Amino acid sequence: MNNTDIQLDITKTKQSKIDQVDFSNLKFGKVNADHMMYCDYIDGKWQTPKIVPYGPMEFEPSAKVFHYGQAVFEGMKAFKDENEQVWLFRPEQNFERINKSSKRMAIPEFPKDYFFESLKTLLELDKDWVKKGEGNSLYLRPFVIATENGVSASESDRYRFMIITCPAQAYYNKPIKVIFAQEYSRAADGGVGFAKAAGNYGAQFYPTKLAKAKGLDQIIWTDASSHEYLEEAGTMNIFFRVGDKLLTSPTNDRILDGVTRKSIIQLAKDNGVEVVVEKVSVKEIVNAAKNGELKEIFGAGTAATVVSVDGFEYDGTYYDLPTVDEPYGTFFKKALQDIQYNKVEDPHGWTMKAF
Ligand SMILES: *Cc1c(COP(=O)(O)O)cnc(C)c1O
């Protein structure tokens, strides 16, 4: 990582909490490593980033984030290889994306050197929280919130950028059941679907709760105007294998441009799998399920890497997916993880030493 003359303001924890954590029994996102970073935007300028022990913060109830949801976030992971080296996976993509999200939400962009210097320092301090072994990682959650006090509905003039981290094991351990959205929508044309804007996720909880009450795990969102095209899973992009072809929707202003998605598209090309990036219609997938050509559906995102779908509901009918030999989902998950854990060559230069 490029070193700079940035001085962070660092307060180390007096007592690590690491001995209290059962790393073989982690609930995703529930445990935080010892340190966090925060950086305030005041008087038109990002101030010195501070690294402090993880813990509560004080905000006034009138802070704008609580009223208008002016907030964005990122999700990335650090991995440890067999030689104790810690790696990041395509972190510049997350850096660019948080600023793209921020821009759409009228939040000032964060400086690149602050971002990388903070990550590097946090990872070096908390390197023992990054565990070796398949599925283990330290999940990194950069986010920005509007901190100006006062409930007038306009953009804030103060913000806080933060990075918290959580040790993680494999996210989903079993295949999921999904439903294709026919009533609710996640995002609309001209909206904020392409941004990791906090409100996008809150708005999914109610429809997802309804789906869960029916025994389904997640919703595959369709385009808001016709519900005829399959777009994404709301925290993951989605791939369909029809015959031996891999299909996925192109990104647009309703779909998050996932790093995992674009990496899988590249790995498919590297491995001679035909990948078709075109609108995927509900009709073609339902027909393919009926005639046996639909072999797999899988989601792709940082938290889960790849999660396979074992069936979907559409229009009141549940379609089981077949069990296939050598699923693409398993292949791409392993191919990605082999690069992330520095087990194989990294021909595209995706990994970056954390410190
Ligand atoms: C984060 C996210 C994804 C996956 O993106 P990755 O960069 O692969 O983690 C997909 N869809 C939505 C809505 C997301 O928020």
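All of the numbers you see were taken from the coordinates with simple rules; none came from a lab. Model, not experiment: these values are computed from the prediction. Glycine gets a Cβ as well: all are built from the backbone with ideal geometry, and neighbour counts include every protein chain shown.
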Problem set entry | Gaussian network model of the chain, springs between alpha carbon atoms under 10 Å - residue of 229, 341, 319 with greatest fluctuation | 319
Seminar exercise, completed: Hydrodynamic calc, the chain: Kirkwood Rh from Cα pairs, then Stokes-Einstein at 4 °C with viscosity 1.567 mPa s, so D in µm² s⁻¹ is 61 µm²/s
For this session: Give, in nm to one decimal, the length gained when the segment between residue 353 and residue 228 is fully stretched (0.36 nm per residue of separation minus the Cα-Cα distance).
Result: 40.7 nm
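Quick check: from the Cα gyration tensor, does region 171-325 come out rounded (a/c under 1.5), prolate or oblate? Intermediate values should be presented prior to the final figure.
Values: a/c = 1.43, a/b = 1.14, b/c = 1.25.
Verdict is rounded for region 171-325.
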Exercise. Residue 38 to residue 293: FRET efficiency via 1/(1 + (r/R0)^6), r the Cβ-Cβ distance, R0 45 Å, to the nearest 0.05?
Worked result: 0.35
Seminar exercise, completed: Relative to the chain, whose Cα atoms define the longest principal axis, helix 328-340 and its Cα axis are tilted in degrees, nearest 10, by 20 degrees
Exercise. Over 30 Å between Cα atoms, which of 17/80; 177/334; 27/279; 50/212; 120/262 qualify?
Worked result: 27/279; 50/212
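For residue 62 and residue 48, calculate 0.36 nm times their separation in residues minus their Cα-Cα distance, and state this gained length in nm to one decimal.
Working: separation 14, 0.36 × 14 = 5.04 nm, distance 2.45 nm.
Going from the current span to full extension adds 2.6 nm.
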Exercise. When 189, 346 are ordered from fewest to most other Cβ atoms inside 10 Å of their Cβ, what list results?
Worked result: 189, 346
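Stokes-Einstein D for region 9-168 at 10 °C, 1.306 mPa s, Kirkwood Rh over Cα pairs, in µm²/s? Kindly include the intermediate steps, with their values, before the conclusion.
On the way: Rh = 16.5 Å.
The diffusion coefficient I find is 96 µm²/s.
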Problem set entry | Centroid-to-centroid separation of region 141-213 and region 268-283 [C-alpha atoms, Å] | 27 Å
For this session: Calculate how steeply helix 112-125 sits against the longest principal axis of the alpha-carbon atoms of the chain, using the helix alpha-carbon long axis, and give the answer as 0 to 90 degrees to the nearest 10.
Result: 90 degrees
Problem set entry | Relative contact order of region 39-177, pairs being alpha-carbon contacts under 8 Å that are 6 or more residues apart, as % | 33 percent
Exercise. By how many degrees, between 0 and 90 and to the nearest 10, does the Cα long axis of helix 198-213 differ from the longest principal axis of the chain?
Worked result: 40 degrees
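Report the relative contact order of region 158-240, percent, no decimals, based on alpha-carbon pairs under 8 angstrom and at least 6 residues apart.
Over region 158-240, the number comes to 31 percent.
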Seminar exercise, completed: the chain: relative contact order from alpha carbon pairs under 8 Å, six or more residues apart, as a whole percent, is 19 percent
